[in-house]
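The values are calculated or read from the model by the stated rules, or taken from the named source; none is laboratory data. Computed from a predicted model, the values in this text were never measured in an experiment. Note: ideal-geometry Cβ built from the backbone for every residue, glycine included; neighbour counts use all protein chains shown. Accessible surface is based on the protein model in full, side chains and every heavy atom, while ligands, DNA and RNA are left aside. Shrake-Rupley method; radii C 1.70, N 1.55, O 1.52, S 1.80 Å.
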Amino acid sequence: MELLLDGCRRRRLERPFSEVPDANGLELLLCEGTGCGRLFDGDRLLARGVRLGRLPAWAKHSLTVRRRAGRMTVWVDGFRLYSVRLDTRRRFGLGLALRAGSGTIADLRGSEPLGKPLFTGEDLSRDWWSARDQDLKDWRVEDGQLILTPKSHGFIRSKKEYGNFVLSLECQIEKGGNSGVAIRVPHDGWPSGDGMEIQILDKPLAEEIDLHSIMSLYGNVPPLVRADRAQQETWNRVLIKADGPMVSAWVNGRLVQQFNTSHHPEYKHRNLKGWIGFQDHWQWVRFRNVRLRPMPEGRGLAVWNRPCPMTTASRLTNRLLNSEALSQNDGFTSGTVSKKIEQAEPGDLRLADLTGPGALVRFSFEGDEGQLAFYFDGEEKPRLTCRPGELREVIPKLNEDQMPILTALGYEKSLRVVLRGAKKADYRIDYVTRTDPQGEPTETFVSKDQSGIPRGWLAPVYYRSYVTRWGVHREHDPALRVRSKPQTIEPGQTVPLAHVDGAGLVRWVKLIGGDVNSEALWIEATVDGESEPALSAPAKFWFPGLVGGKSFDNYLMVQKGGKANLLAMPFGRGITVSIKNTGTGPIEKVGIELSVEQATDANREAITARPRLRGKLLPAGSVDDRLFSHEGAGRWVGLIMETGAAGPHFGIADLTVDGHQADGWASENLNRFLGQGGTDFRSCLSGSKGGMAWRYLLLSPVEFQESIVMKATSKELPRRLVLYYTK
């Protein structure tokens, strides 16, 4: 590291180097007269400094500090004062304190050694590889430049893996070109889904910054600013630094991206080490002066790895991407309001009148009549007005479905939602309220771009729902994989196929092989050595959205190399997943794979104390009108049911929680509950297709302390599976 500084004459400037995160660090005195360059390490004097003469009024002193190979060397006005030894493990930040009078500091610059060239010759095969042989042939080194053949595409990947490093390069790209730099990608992984892709994209400089601007963390985090020049006309200098969870990027000397991935709902699960690669989509791209300096391994500064303070909006967003959050007490209770009008009513129709702090999380409605008005925190005039059909365009949305709309529309004190001028309407609005108003903050909605959702947290929600269509689900993350060999399960057998001891979280369960439509194929999960499974049901109840269809945009089910369910299962004393054959013939070549986050000494007690995911499979019949019931405390998170070709033929009579009837649940059919009508739709958290209907309540699970009972409008009820987190 080298620091250069001009300025500071006849003044006393002290303590530019504070040890991070919280030690005293080094104190360096800069002044005219005796003691210039005096250096303390806490109370210990490392260097006495020298006497510095005065300069003319128009002149400035200069300082150069260089740290290299365990030594710190100081120059003042071009003269070397001293060189002292420093522990290479110590890290420092820069702070400036003017102790007397006034002063001027100018041309403050820092630089780091750039390391060794990554491309040293024309034979790329020695140090680089590609998933396709042709990709490697399409790249060449010519006149010191790494060049991709026009009309080609694909990643060239380093054989060596890197964790912490400084990567520097210059790049030039064709007009409209689309390229990227991959970092920390596992051997068989894909950058945007398993590692990280840093975008290099030619876009007009006048365009707004978005998820595809240069130095965006592709699909997840936009850059802070832009500092690139027209890329097809000139070379842009890029420096990328990865240090533990912190990823930073500079373009032409300006910091344009900095993000702590340990505080990100998606990136916190990614690898911290992997291959580096370069890519393009069909246009030409050139890289030169590509150099890399490896840095010491580790997770960087302790302060980077501390838990991130959460807001209401960030907790709600996290629920969609990390379902294990549902097994934690996160300080929310949920509620529902619903309104139906068959003919015009005079005046305004109040759809919701809520007390905060809280957030609306789900809208489901029919038609586009009238105008909606939202009054936040007691305002006399609505902050937001729109037609119902425009709602998804003016609020922060957490899904791409037309209906229902998922959101995190926060309010600190209160929220009134009014519908004006509608002759016909049918609305259901789900919301959450903080049970501890003095706890973490709830930010009131200001605009679509000022919604309280942290920078870089909204995009991964879209990205996750999008990539599940292709079956992507952190296939190559660092979590433990437990995979069975394909086996044949004979009639009447229950065969354990995957087991994990100790405590931890199963992030997903994948069924490999087998027919998900088979009535004979059951999956069972047993936790903590209990005598009965916590969850036992036919495979189609585990993967309802994949029955009668391919993968689709959602948060909980993917289909690639098998069918996976992403609803997390905590365990404290082991978990076993088995296949049961209830049919008359063998089930051949079937297996199970688990993704497991094993508990550590730091979180074992907390994970062991969490409620477990449990399911009740209830038979079809006409005994009574209860869809389900449960005694004790817990959190209801899902309902899956068989419906037949005609779909659900009943509605919800009422929901009773802890002996009190909950508002907003009664409906003549399940359209409000599922979010749409009909028998052929699949949305992010609900659907009706292939003779199955389902709804997962990730954003608004229903808490109960003593009991929960849901009654239907009919006694002719189908077979259904109810999912809870309970102790």
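Considering Cα pairs under 8 angstrom that are at least six residues apart, work out the relative contact order of the range 400-487 and quote it in whole percent. Numbers along the way, then the final one.
On the way: 26 pairs, mean separation 27.7, N = 88.
For the range 400-487, the relative contact order is 31 percent.
If each residue of separation counts as 0.36 nm, what is the full-extension length gain between A69 and K589 once their alpha-carbon separation is subtracted? Spell out each step's value before the answer.
Values: separation 520, 0.36 × 520 = 187.20 nm, distance 5.79 nm.
Result: 181.4 nm gained on full extension.
Would you mind telling me the share, in percent, of accessible area of the chain contributed by carbon and sulfur at probe 1.4 angstrom?
Values: 15050 of 31550 Å².
On the chain, the fraction of accessible area on carbon and sulfur atoms equals 48 percent.
Percent relative contact order of the chain, based on C-alpha pairs within less than 8 angstrom and at least six residues apart?
Details: 1926 pairs, mean separation 73.7, N = 727.
Normalised by residue count, the contact order of the chain is 10 percent.
Just to make sure I understand: if all protein chains stay in place, what is the order of H264, H212 by accessible area at 1.4 Å, largest first? Don't skip to the end; give the middle numbers.
Numbers: H264 0, H212 75 Å².
Sorted by accessible area, descending: H212, H264.
What order do H649, H476 take when sorted by accessible area (1.4 Å probe), most exposed first?
On the way: H649 120, H476 65 Å².
I get H649, H476, largest accessible area first.
Looking at [x] 40.0; [y] 45.0; [z] 38.5, which value of mean projected area of the Cα convex hull in nm² comes from a calculation on the structure shown?
[z]
Can you pull out the trypsin sites (Lys or Arg not before Pro) in the range 571-641 whose DSSP state is coil and whose Cβ has at most 10 other Cβ atoms within 10 Å?
Details: sites: R573, K580, K589, R604, R612, R614, K616, R626, R635; in loops: R573.
Filter output for the range 571-641: empty list.
Which peptide among 502-515, 79-92 comes first, and what is the full order, when sorted by highest mean count of other Cβ atoms within 10 Å?
On the way: 502-515: 21.6, 79-92: 13.3.
My ranking of the peptides, most packed first, is 502-515, 79-92.
How much accessible area per residue does the chain have, in Å², with a 1.4 Å probe? Don't skip to the end; give the middle numbers.
Values: 31550 Å² over 727 residues.
I get 43 Å² per residue for this part.
Once both labels are modelled 7 Å past Cα along the beta-carbon direction, what's the A606-D43 spacing in nm?
3.8 nm
Is the range 161-305 best put as rounded, prolate or oblate by its Cα gyration tensor, with a ≥ b ≥ c the root eigenvalues, rounded for a/c under 1.5, and otherwise prolate when a/b is larger than b/c, oblate when not? Spell out each step's value before the answer.
Details: a/c = 1.63, a/b = 1.53, b/c = 1.06.
Because a/c hits 1.5 or more and a/b exceeds b/c, the range 161-305 counts as prolate.
How long is the gain from Y82 to Q493 if the chain were fully straight, where each residue apart is worth 0.36 nm and the alpha carbon distance is subtracted? Walk me through the numbers on the way to the answer.
On the way: separation 411, 0.36 × 411 = 147.96 nm, distance 7.85 nm.
Between Y82 and Q493, full extension yields an extra 140.1 nm.
What are the GluC sites (Glu not before Pro) within the range 367-468 that DSSP puts in a loop, where the Cβ has at most 16 other Cβ atoms within 10 Å?
Numbers: sites: E369, E379, E380, E390, E393, E400, E412, E443; in loops: E369, E379, E380, E400, E412, E443.
For GluC sites (Glu not before Pro) across the range 367-468 that sit outside H, G, I, E and B with at most 16 neighbouring Cβ atoms in 10 Å, the list reads E379, E380, E400.
For the Cα atoms of the chain, what angle does the longest principal axis make with the long axis of helix 312-321, in degrees from 0 to 90, nearest 10?
70 degrees
For K175 and R383 in one chain, what is 0.36 nm times their gap in residues minus the Cα-Cα distance, to one decimal in nm? Intermediate values should be presented prior to the final figure.
On the way: separation 208, 0.36 × 208 = 74.88 nm, distance 4.17 nm.
Separation in residues times 0.36 nm, less the Cα-Cα distance, equals 70.7 nm.
For a quick check of your reading of the filter: which GluC sites (Glu not before Pro) in the range 91-169 sit in a DSSP loop and have no more than 13 other Cβ atoms within 10 Å?
On the way: sites: E122, E142, E161; in loops: E122.
Here the GluC sites (Glu not before Pro) that fit, given the DSSP loop and packing criteria, are E122.
Quick one: check the C-alpha center-to-center distance for the range 661-727 versus the range 368-426, whole angstrom.
After rounding, the separation between the Cα centres reads 23 Å.
Report the relative contact order of the range 132-198, percent, no decimals, based on alpha-carbon pairs under 8 angstrom and at least 6 residues apart.
Details: 50 pairs, mean separation 12.7, N = 67.
For the range 132-198, the relative contact order is 19 percent.
Taking square-rooted eigenvalues a ≥ b ≥ c of the alpha carbon gyration tensor, is the range 469-573 rounded, prolate or oblate, where a/c under 1.5 means rounded and, failing that, a/b exceeding b/c means prolate? Numbers along the way, then the final one.
Numbers: a/c = 1.66, a/b = 1.13, b/c = 1.47.
Since a/c reaches 1.5 but b/c is at least a/b, the shape of the range 469-573 is classed as oblate.
Which shape class, rounded, prolate or oblate, goes with the range 574-727 when its Cα gyration tensor gives a ≥ b ≥ c as root eigenvalues, a/c under 1.5 marks rounded, and past that a/b bigger than b/c marks prolate? If you can, show how the numbers build up before the last one.
Values: a/c = 1.83, a/b = 1.21, b/c = 1.51.
Oblate shape, in that a/c is at least 1.5 and b/c is the bigger or equal ratio.
Would you calculate a helix-derived [θ] at 222 nm for the chain, using -39,500 (n - 2.57) for each DSSP H run of n ≥ 4 and dividing by the full residue count, to the nearest 500? Walk me through the intermediate numbers first.
Values: 8 runs with 46 residues, N = 727.
The per-residue figure over the chain is -1500 deg cm²/dmol.
For D658 and R719, FRET efficiency with R0 = 22 Å and r from the beta-carbon atoms, rounded to 0.05?
0.20
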